[in-house]
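The values are calculated or read from the model by the stated rules, or taken from the named source; none is laboratory data. Model, not experiment: these values are computed from the prediction. Note that we place each Cβ from the backbone using ideal geometry, even for glycine, and neighbour counts take in every protein chain shown.
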Amino acid sequence: MNLIAIDIGNTTISTGLYLDDQEKFVRSIPGRADDARKQLTDLLVEAWGRIPVIEGSVEKKRNGVIVISSVQDIWLDMVTEICRESLGEKIRLIGRDIPLPIEMAMDNPAAVGTDRVVNAAAAFAVIEDACVVASIGTAITIDLIDEDGVFLGGVIAPGIEMGADALHAGTARLPRVKVQTPKDPVGVNTVDAINAGLIYSAAGLLRMVTEKFAEQIGKWPHTIVTGGAAYYLKGSCDFVDSWISDLAVRGIVIAFKKHLDDLDKIEEMDPKNTSGNS
């Protein structure tokens with residue numbers, strides 16, 4: 001299978017190229033960069049150009065698909081336009097063209113960000129047991145998947161950079177700090193104190209929520225952390241089992257594969273299907 005998987009988040013757009021089911025690269029571009037459109041166009045043209053042409057195709061159609069998970073409609077429109085105008089291809093969107101890849105025990109599954117859903121699907125595909133998936137990015141999301149692979153829900157909190165913005169905007173004298181991993185839990189100046197507060201509050205949130213989830217399901221779940229700001233917490237979260245970058249991109253691949261498997265099962269159950277029909 002040849003696939004370009006694109007995860008459109010609140011801050012970055014990550015693109016993964018998969019040829020014959022092998023990951024060739026995952027690259028991220030800041031969505032708010034002045035030249036984001038050009039960077040994305042160059043990246044997608046390069047990636048699509050590496051996908052082989054279907055043998056015998058007069059139109060030189062390539063044997064691949066473009067699958068997207070998005071929480072940003074404006075950037076989704078931009079990527080869709082690039083794919084149409086520069087690649088001559090349509091995109092397939094998780095939650096619209098491709099069903100959610102995991103069972104959802106939520107009041108309104110369609111309202112859940114597909115980034116959370118594909119993260120959960122990717123984690124459970126590997127763990128195959130109850131797990132917690134935390135994404136530390138623009139927002140912090142911490143979600144629980146039970147031992148049967150059902151997405152139970154979770155918590156959403158402000159991200160670390162968002163906290164830094166809020167402290168500066170909501171006070172008279174606190175500066176907007178450059179977020180850094182604290183050198184010491186006791187801040188000896190305002191900047192160090194803010195950094196300690198931001199990082200340790202995020203680490204404490206993750207620990208507390210994981211403990212509450214463990215109480216609910218009766219055992220300690222495998223805990224996975226991903227997201228662009230996850231590295232800030234590595235020194236403060238010894239209870240985390242796995243740190244995985246680009247989990248959402250891998251979840252998009254899993255979602256598409258599950259969709260294909262489900263289509264195959266439907267075809268097998270349809271008595272009208274005959275050999276060679278799609």
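Which residue, of 203, 193, is surrounded by fewer than 17 Cβ atoms within 10 Å (Cβ to Cβ) and either among the small types (Gly, Ala, Ser) or part of a helix (DSSP H, G or I) (or both)?
Testing whether each residue is surrounded by fewer than 17 Cβ atoms within 10 Å (Cβ to Cβ) and either among the small types (Gly, Ala, Ser) or part of a helix (DSSP H, G or I) (or both) leaves just 193.
Taking residue 215, is it farther than 27 Å from residue 163 by Cα, assigned by TED's automatic domain parsing to the domain that holds residue 179, surrounded by fewer than 20 Cβ atoms within 10 Å (Cβ to Cβ) and of a type in the set (Asp, Glu)?
yes
Could you list all residues from the stretch 53-94 that are among the small types (Gly, Ala, Ser) and either in contact with a strand residue (DSSP E or B) (Cβ under 8 Å, 6 or more places away or on another chain) or part of a helix (DSSP H, G or I) (or both)?
Listed by number, the residues that qualify are 64, 69, 70, 86.
Identify all residues within the stretch 35-59 that are more than 13 Å from residue 79 (Cα to Cα) and surrounded by fewer than 14 Cβ atoms within 10 Å (Cβ to Cβ); write none if there are none. Step through it out loud before you land on a result.
First, pick out the residues of the stretch 35-59 that are more than 13 Å from residue 79 (Cα to Cα): 35, 46-59.
Passing the criteria: 35, 46, 49, 52, 53, 54, 55, 56, 57, 58, 59.
Pairs under 9 Å by beta carbon, first residue over 18 Å from residue 157 (Cβ atoms) in the stretch 177-201, partner of a type in the set (S, T, N, Q) and not in a helix (DSSP H, G or I), six or more apart or different chains?
Listed pairs, sorted by first residue: 191/180; 192/180.
Considering only residues that are over 24 Å from residue 228 (Cα atoms), surrounded by 13 or more Cβ atoms within 10 Å (Cβ to Cβ) and among the hydrophobic types (A, V, I, L, M, F, W, C), which ones fall in the stretch 165-190?
Matches in the stretch 165-190: 174 only.
Output the strands (runs of 3 or more DSSP E) that fall wholly within the stretch 114-167 and possess 1 or more residues being touching a residue at least 60 places away in the same chain (Cβ under 8 Å) and over 11 Å from residue 221 (Cβ atoms), or say none.
Result: 131-136, 139-145.
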